[in-house]
Amino acid sequence: MAEASKPVTFRLGAHYHERLSELGGEQEMSPGEFARKLVTTALDGGDKREILDSVSALREELDLLREDFGWILGTLLVNVTDFDKDQVRELLAPRFQRTGGRTPC
């Protein structure tokens with residue numbers, strides 16, 4: 001059986017009401033419907049989950065970018081300097097190698 005809903009009423013400044021109208025209109029919702037969606041999403045923690053998922057994806061992308069950068073830098077160091085591959089790996093691996101990822105150069 002569905003939980004009974006209860007009314008919540010409050011006043012908003014004209015600016016906020018206009019924003020609710022604009023954003024709700026984009027989703028074919030009235031200002032009240034859109035306000036309800038915002039409140040219930042915030043109370044359910046939906047925004048937090050979305051942010052955490054985004055941060056997690058960005059972290060993974062950054063790790064891959066760091067690994068690629070280390071590989072390129074290692075290759076350049078081996079080809080342009082007197083360092084051998086083992087020296088370059090020892091120098092770069094702690095900073096640029098992911099666990100289980102490829103080694104620099």
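The numbers here are math on the coordinates, done by the rules we state, and not lab data. Quick caveat, the model's predicted, so the values are computed rather than measured. Here the Cβ is made from the backbone with ideal geometry for all residues, glycine too, and neighbour counts use every protein chain on show.
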Percentage relative contact order, the chain, counting C-alpha pairs under 8 Å, at least six apart: 19 percent
Env charge @ Gly24, Cβ radius under 13 Å, K,R +1 / D,E -1, value -2
To the nearest 0.05, the calculated FRET efficiency linking Ser54 and Arg102 through their beta-carbon distance, R0 being 25 Å, is 0.45
List the longest stretch of the chain that has no exposed loop site; here a site is one of the GluC sites (Glu not before Pro) assigned by DSSP to anything other than H, G, I, E or B, with at most 11 other Cβ within 10 Å. 29-105
Cα gyration tensor shape of region 48-100, rounded if a/c is under 1.5, else prolate or oblate by comparing a/b with b/c: prolate
Residue-count net charge about Gly70 - beta-carbon cut-off 11 Å; Lys, Arg +1, Asp, Glu -1: +2
Rounded to the nearest 10 degrees, what's the angle between the helix 46-80 long axis and the longest principal axis of the chain, both from Cα atoms, 0 to 90? 20 degrees
Charges at C-beta only: +1 for Lys and Arg, -1 for Asp and Glu. How large is the resulting dipole of region 18-80 about its Cα centre, in Debye rounded to 20? 200 debye
Between Leu65 and His17, what's the calculated FRET efficiency when r is the beta-carbon distance and R0 is 41 Å? Round to 0.05. 0.45
Per-selection metrics, region 1-65 (Cα): Rg and Dmax in Å: 16.7, 50
Determine which lysines satisfy two conditions relative to Lys6: a Cα distance under 17 Å, and not lying fewer than 8 residues away in the same chain. Lys37
